[in-house]
Amino acid sequence: MKQNSSHKLRIQKIWKDNQSIIFVASIIFILVIFAILYPKKQYPPVPEERLALDPFLGTENAPITIIEYGDYACSGCKLWHNAGVLDEILELYDGEVKFIWRDNAHISTASITAANAAQCAYDQGKFWEYHNLLFNNPRGFSDEGLKAYAVDLGLDTDQFNLCVDQGLYVNKVIHSMKLAGEDGLNQTPSFLVNEIIIIGPPATSYLADLITTLLDE
């Protein structure tokens, strides 16, 4: 009897000492089973020529190129967009600036979904209008909201909805995010002005001084 009690105590001690290890192992096992049963969604490949196409404003062959890496769920990006800094710069340096948008949709999966939807709008020549709606964000980033924006803009909804449902440009978004990482731009918004890095939303005066200096070189 005493031997059985001692054996039981040893088992209880082993369980107590290894409880956290067993718990972690159980979680890992569950995650592995989940990954097997529910594999990661595969998105369509994007042709190289489409990967290289980025929406831009301004003059295509301008001496100054500004690239913004942004996220539609980023509050700093939204504030900078709504402040009208870009409009002021394009007006001040008419013909001398090309502004490019690239996605760095790292905040959430909704960021990637929204970025994909904007790329779908690009196919119908309404990227910037859709881009603006996402930053005003009256309907959110649900599939229903993203599709409603397309209705607001008069897009071909059958084409747009299929693009959204298939995640047709998710790999384009991921490609842009990789470019941001290669440039060491892990925060949003981040900018490249002729390869000069700016982290955070720049004021009009700061950008204007930088552009003027670059044009004078």
On the given criteria, is LEU133 over 30 Å from LEU215 (Cβ atoms) and part of a helix (DSSP H, G or I)? yes
If you go through the range 171-185 one residue at a time, do you hit one that is touching a Lys or Arg at 6+ places or on another chain (Cβ under 6 Å), at pLDDT 95 or above and not in a strand (DSSP E or B)? yes
Only one of (1) surrounded by 15 or more Cβ atoms within 10 Å (Cβ to Cβ); (2) farther than 22 Å from LEU214 by Cα is not met by ASN82, so which one is it? (1)
Exclusive hit being more than 27 Å from ALA203 (Cα to Cα), among the hydrophobic types (A, V, I, L, M, F, W, C) and either without any contact (Cβ under 8 Å) to a residue 60 or more places away in the chain or surrounded by fewer than 17 Cβ atoms within 10 Å (Cβ to Cβ) (or both), set LEU92, LEU155: LEU155
Please find, among ASP165, ASP103, ASP123, the residue that is surrounded by fewer than 16 Cβ atoms within 10 Å (Cβ to Cβ) and modelled with pLDDT of 95 or more. ASP165
Among the residues of the range 194-210, are any crowded, with 19+ Cβ neighbours inside 10 Å, out of contact with any strand residue (DSSP E or B) (no Cβ under 7 Å at 6 or more places or on another chain), farther than 22 Å from GLY76 by Cα and not polar (S, T, N, Q)? no
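The values are calculated or read from the model by the stated rules, or taken from the named source; none is laboratory data. Just so you know, these numbers come straight off a predicted model, no measurement behind them. Because the Cβ atoms are built from the backbone with ideal geometry, glycine has one as well, and the counts that use them run over all protein chains shown.
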